[in-house]
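Participant: Can you keep this structure in mind? I'll have questions shortly.
Read-outs throughout are calculated quantities, based only on the coordinates presented, and are distinct from any laboratory measurement. Since the structure is predicted, the reported quantities are computational estimates derived from the model, not experimental observations. Don't worry about glycine lacking a Cβ; one is built from the backbone with ideal geometry, like all the others, and counts go over all protein chains shown.
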Amino acid sequence: MKRIVTLVSIVLVVNAAYAQADIQKLRPTVKAAAKKMNDALVKKNLQEFVKTTHPRVLASTPGGAEKIIKDLESQLAAIENDGANIVSAWTGEASPIIDTAGEYQCTIPQYMKRNLKDPKGVLTTQTTLIATSPDKGKTWYFVDATDKTLTQWKTVFPTLSSKLVIKPSPEPKFEAKK
């Protein structure tokens, strides 16, 4: 009997390790989904951009997707009125993917470059995105996590894994143009 219990335990551990390794193969998929989101933002295709917003954020926003789109349009217009514009946005590599609460979760760094008019130059910022997939990696949703700690985000998204790491944003980097 002791051998059977040991054998079953070994099989379960090996299966869990293989399943975790298979999940990690999805990390390029997360990066590709984030690229689509970033491209939509840079091109001001806000309808597509909002499709990558976590459904809970859409549902909790009075006015939903339409309100978020209007707010983004206003924010982008304000940036341009200040003489700036978003030049590019891209991501780094996704953290290891965690399978928890019936969904996949990870974080991914996001970078953004903006041209500035005054002072003349380029500003590069870095934030952390929380990426979640409710359908085992087919669809990914993103939330810019930089303005809150993981504990604070767990009040909004109670099923977030405590293993996620939200790094504080470094200071923006400014490169002056001559």
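Participant: Mind ordering 76-82, 128-134 by average Cβ neighbours within 10 Å, highest first? Show your work: numbers first, answer last.
Facilitator: Values: 76-82: 11.9, 128-134: 22.3.
In descending order of packing, they fall as 128-134, 76-82.
Participant: Using per-residue counts of other Cβ atoms within 10 Å, averaged over each peptide, order 23-31, 59-67 from highest down. Mind dumping the intermediate values first?
Facilitator: Values: 23-31: 16.4, 59-67: 11.9.
Packing order, densest peptide first, comes out as 23-31, 59-67.
Participant: Still on this structure, I have one more. Could you check the spin-label model distance between VAL156 and ALA77? Points 7 Å from the Cα along Cα→Cβ, value in nm.
Facilitator: Reported label-point gap for VAL156 and ALA77 is 2.4 nm.
Participant: Note the angle between two axes, namely the Cα long axis of helix 2-24 and the longest principal axis of the Cα atoms of the chain, as a number of degrees from 0 to 90, rounded to the nearest 10.
Facilitator: Roughly 20 degrees, rounded to the nearest 10.
Participant: Roughly what would the spin-label model give for LYS36 and GLU48, points 7 Å off Cα along C-beta, in nm?
Facilitator: Distance between the two pseudo-spin positions: 0.9 nm.
Participant: Among 42-51, 90-99, how do they line up by average Cβ neighbours within 10 Å per residue, starting with the highest? Don't jump to the answer; show the numbers that get you there.
Facilitator: Details: 42-51: 15.2, 90-99: 17.4.
Ranking, from highest mean packing down: 90-99, 42-51.
Participant: Let me ask another. What residues have an amide H closer than 5 Å to that of ALA145, excluding those fewer than 5 places away on the same chain, when H is modeled at 1.01 Å from N in the peptide plane?
Facilitator: Here the answer is THR128, LEU129, ILE130, since their amide H atoms fall under 5 Å of that of ALA145.
Participant: While we're here: Set the Förster radius R0 to 22 Å, insert the Cβ-Cβ distance between LYS148 and ALA59 as r into 1/(1 + (r/R0)^6), and round the FRET efficiency to 0.05.
Facilitator: Working: r = 18 Å, r/R0 = 0.83.
In this case the efficiency is close to 0.75.
Participant: Beyond a 22 Å Cα-Cα separation, which of these cross-linked pairs lie in this structure: LYS36/LYS113; LYS43/LYS178; LYS51/LYS173; LYS35/LYS136?
Facilitator: Values: LYS36/LYS113 16 Å; LYS43/LYS178 27 Å; LYS51/LYS173 30 Å; LYS35/LYS136 19 Å.
Exceeds cut-off: LYS43/LYS178; LYS51/LYS173.
Participant: Let me check the size of the stretch 117-168 from its C-alpha atoms; what are the radius of gyration and Dmax in Å?
Facilitator: Rg and Dmax of the stretch 117-168, Cα atoms, are 14.7, 45 Å.
Participant: With +1 on each Lys and Arg Cβ and -1 on each Asp and Glu Cβ, and nothing else charged, work out how big the dipole of the chain is about its Cα centre, in Debye to the nearest 20. The partial results should precede the final answer.
Facilitator: Working: 26 positive and 17 negative charges, 92 e Å.
Dipole magnitude for the chain comes out near 440 debye.
Participant: At q = 0.13, 0.14 Å⁻¹, work out log10 I(q)/I(0) for the chain with the Debye formula, treating every Cα as an identical point scatterer and leaving solvent out; two decimals please.
Facilitator: The calculated log intensity ratios at q = 0.13, 0.14 Å⁻¹ are -0.73, -0.83.
Participant: Run the reach check for LYS138 against aspartates and glutamates, Cα to Cα strictly under 17 Å, same-chain hits fewer than 8 apart removed. What comes back?
Facilitator: List returned: ASP22, GLU48, ASP99, GLU103.
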